[in-house]
Amino acid sequence: MKRFGVSLEDELLEQLDSLVQHHRFPNRSQAIRYLIRKHNRDEYWESNEAVCGCLVLVYDHHRSDLQKRLTSIQHEFHNLVLCSQHVHLDHNNCLETITLKGKAIDIGELADRLIALKGIVHGELVKGGAVNAGLENPDHRHEKCNP
């Protein structure tokens, strides 16, 4: 861990302190770490790196053929979908979370297509950071651990 000094204009320091308070960071250093990581994550997505994310969908399960269309589109992008979880919120609404890993542009295209389906009440892509494991080599396997 390295320490360094930072000079900020009063207005920018107030904004940093507001961020600390809003996110309940224990200190300014943690807020700066958060901002750097967030910036890096955004850079990975903008440069179409291998990234991870989670698509959250809320939809009316009574919509004709919606579940079938959701599944069909996910099958088109099967190489990106790690898993999905389906939860019944109430009589009319379901929540689906879809965990994704792949090139940022492909994940964005999948998310856009699913969110645009008629019957989706809410859809949001939560962007994760860069990943490398297994994307360059699809045959990559982890060896069993010996106890």
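The values are calculated or read from the model by the stated rules, or taken from the named source; none is laboratory data. Keep in mind that this is a model prediction, so the values were computed, not measured. Glycine also receives a Cβ, built like all others from the backbone with ideal geometry; neighbour counts cover every protein chain displayed.
If the condition is being basic (Lys, Arg) and part of a helix (DSSP H, G or I), then segment 24-43 contributes ARG28, ARG33, ARG37, LYS38, ARG41. I'm checking my understanding of the structure. Among residues of segment 5-23 that are part of a loop (DSSP other than H, G, I, E, B) and not β-branched (Val, Ile, Thr), which one is surrounded by the fewest Cβ atoms within 10 Å (Cβ to Cβ)? The qualifying residue surrounded by the fewest Cβ atoms within 10 Å (Cβ to Cβ) is GLY5.
Taking the criterion of being in contact with a Phe, Trp or Tyr (Cβ under 8 Å, 6 or more places away or on another chain) and either at pLDDT below 95 or of a type in the set (Phe, Trp, Tyr) (or both), the residues of segment 120-147 that qualify are GLY129, ALA130.
Scanning segment 44-61 for residues that are surrounded by 12 or more Cβ atoms within 10 Å (Cβ to Cβ) and either without any contact (Cβ under 8 Å) to a residue 60 or more places away in the chain or over 24 Å from GLU96 (Cα atoms) (or both) gives TYR44, ASN48, GLU49, HIS61. Each residue in segment 78-107 was checked for being surrounded by 18 or more Cβ atoms within 10 Å (Cβ to Cβ) and in contact with a Phe, Trp or Tyr (Cβ under 9 Å, 6 or more places away or on another chain), and 6 of them qualify.
Looking at segment 51-65, which of its residues are farther than 16 Å from ALA111 by Cβ and outside any loop (DSSP other than H, G, I, E, B)? Matches in segment 51-65: ASP60 only. Among the criteria (1) surrounded by 14 or more Cβ atoms within 10 Å (Cβ to Cβ); (2) outside any loop (DSSP other than H, G, I, E, B), the one HIS75 does not fulfil is (1). If we scan segment 69-83, do we find a residue that is in contact (Cβ under 8 Å) with a residue 12 or more places away in the chain and of a type in the set (Ser, Thr, Tyr)? No, the conditions are met nowhere in segment 69-83.
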